[in-house]
Amino acid sequence: MNRVLLTGKIIIAALIIVSMLFVVTAYAVESTWVYIDGKESKMCSVDSDSIACKGYICRALIKLSPKEKEEYVTNLYEYDCMGMQHRILQTTKYDSRGNVMSKFTPPRPEWMNTIPESIDGGLRSFVCKKANLQQEQQNTNKEDKRAKVNKKRILKEGATESGMITIQVGAFRNFPYAEALAKRLYEKGYKAYIAYPGAEDKTMFYRVCVGQLTTRKEAKILSERIRKAENLETFLAVR
């Protein structure tokens with residue numbers, strides 16, 4: 001009788017351990033989804049592991065989950081992190097068990113304007129922050145290669161040895177202010193973008209910059225044009 005009871009306790013303990021492992025595994029899978037915002041009847045999340053960037057163009061998987069249903073939709077978004085645009089490359093609908101119900105890939109995805117205060121604006125901000133970190137890492141990896149560039153040619157053209165020259169036109173602690181200025185300049189034809197604060201940046205400023213130039217001569221000409229046309233204080237920075 002005691003053996004039966006002991007065996008039963010062992011089985012129950014084993015089942016509890018297995019169930020705990022299942023819960024931990026399930027949580028680990030779900031933890032890659034980061035909740036961003038919710039619409040009237042939907043919750044919006046980003047798969048942080050899906051974010052991939054090439055330059056300032058980034059793609060990410062976005063999930064829309066209806067609050068009253070277990071079915072959900074994922075969209076593969078593409079963001080222009082230097083501009084204020086995005087487009088949807090693919091839409092997939094899943095049932096409550098995660099099985100694919102339908103999939104749609106537009107033949108020619110169209111770019112749409114991104115409104116900073118909207119949910120799309122919040123998604124873009126999250127994805128592009130990741131893009132900036134990836135870009136900084138890529139820049140770090142390229143430093144050794146840049147050191148081998150012909151110094152004579154660089155100095156003759158008046159460029160710097162450390163990187164590209166950009167024109168900084170503003171720095172804000174409040175991200176929406178930086179985004180609004182970058183959008184205004186971008187719509188006027190300037191190649192404006194936001195330089196996000198890095199991990200070692202104690203000031204935590206969002207810097208609005210224009211252009212990526214190779215010589216100081218070009219940078220000074222563009223800087224003067226922006227100062228006069230847009231009435232902004234400008235200075236050259238190396239990134």
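Read the figures in this text as sums done on the coordinates, not as results from a lab. Remember, it's a predicted structure, so these values are computed and weren't measured experimentally. Reconstructed Cβ throughout: ideal geometry from the backbone, glycine too, with neighbour counts over all protein chains shown.
Each label point was placed 7 Å from the Cα along the Cα-to-Cβ direction; for GLU218 and ILE57 their separation is 2.0 nm. Legend: residue pairs LYS54/LYS103; LYS69/LYS183; LYS69/LYS191; LYS54/LYS217; LYS103/LYS188; LYS103/LYS129, Cα-Cα distance threshold 31 Å; pairs beyond threshold, LYS69/LYS183; LYS69/LYS191; LYS103/LYS188. Each of SER102, SER223, SER65, SER48 has some number of other Cβ atoms within 10 Å of its Cβ, and from fewest to most they run SER102, SER48, SER65, SER223.
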